[in-house]
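K.L.:
One structure coming up, written as structure tokens, with questions to follow.
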Amino acid sequence: MHLITVTLYPEKYPTADHYPFNLNLIQETKRLRFTAAVTFFVGENGSGKSTLLEAITRKCGIIMWQGITRPRYNASPYEKELYRAIDVEWQNKRVPGSFFGSNIFRNFAQLWDEWLTMDPGLLNYLGGESFMSKSHGQSLMAFFTSRFKIKGIYFLDEPETALSPKSQLELLKLLTEMSRSGHAQFIIATHSPILLACPGAQILNFDTSPVTPIDYERTNHYLIYKDFMAEPKKYILTN
């Protein structure tokens, strides 16, 4: 592992009335300890897992590709400020890494395609083919396969979004292999019960305050999918 601890300092929060500082979870969680090469953040939408993931990424000095940004109605002016009130501790020394967000990958892939028109040699970093020549899910897997070979720390925000169940299994296998290699660490916000099954992974539950570890088979993701598969008809609404 590379990153071992994240500490939050509520006394440094600029406000308690605006997102994300108004979340009980952000106010009550003081420290996260990473005990495995793969750590998952799980929780309902709006729980704060993606916001904290981004804050940790920024604090680690990793540049986040922003893609195309547009004004948002009634957005919190403090939404991107959490990283200023946290600290990170490395096992040895800071390592490079990258951030993946499913909502910005398409813009990233288009930019790579523009660069290829000027330097086709960049294909060596993409597995030999342009991301834009593949389906969205295929391009994601090509990116993951080439990128994760590089030593570092990887932050992923819902990487399963465009992946079929079969592709999620491929990503699960890749995470398992790369984490066992000893050179890569992954911190992932996800809703995928397939990815959560990664052997030896640490799962942090954002549906509790403060954040606490949880076993795979106790997560809502596992329980809901298991219950649905056993009796899907009871979840179907009828008139």
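Laboratory data are not the source of any read-out in this text; all were calculated from the coordinates shown. Owing to the predicted nature of the structure, the values given are computational and were not obtained by experimental measurement. Positions of Cβ are generated from backbone atoms using ideal geometry, with glycine treated the same way; all protein chains shown enter the neighbour counts.
K.L.:
List the aspartates and glutamates whose Cα sits under 17 Å from the Cα of K233, skipping any in the same chain fewer than 8 residues away.
P.N.:
Cα-Cα hits under 17 Å: none found.
K.L.:
What aspartates and glutamates could a cross-link reach from K226, if we take a straight Cα to Cα line under 16 Å and drop same-chain neighbours fewer than 8 places away?
P.N.:
D215, E217
K.L.:
Could I ask something else about it? What's the local net charge at P96, with K and R +1, D and E -1, over the other residues with C-beta under 12 Å away?
P.N.:
Here the count lands on +4.
K.L.:
Can you tell me the order of 224-232, 52-60, 171-179 when each peptide is scored by its average per-residue count of other Cβ atoms within 10 angstrom, highest first?
P.N.:
Those peptides, ordered most packed to least, come out 52-60, 171-179, 224-232.
K.L.:
While we're on this one: Sequence-distant or interchain residues sharing an amide H contact under 5 Å with F186, placed H: which?
P.N.:
For F186, the qualifying residues are V38, T39, Y154.
K.L.:
So, one more: Which of the lysines could be linked to K149 by a straight reach, that is with a Cα gap under 22 Å, when you skip same-chain ones fewer than 8 residues away?
P.N.:
Output for K149: K93, K134, K166, K173.
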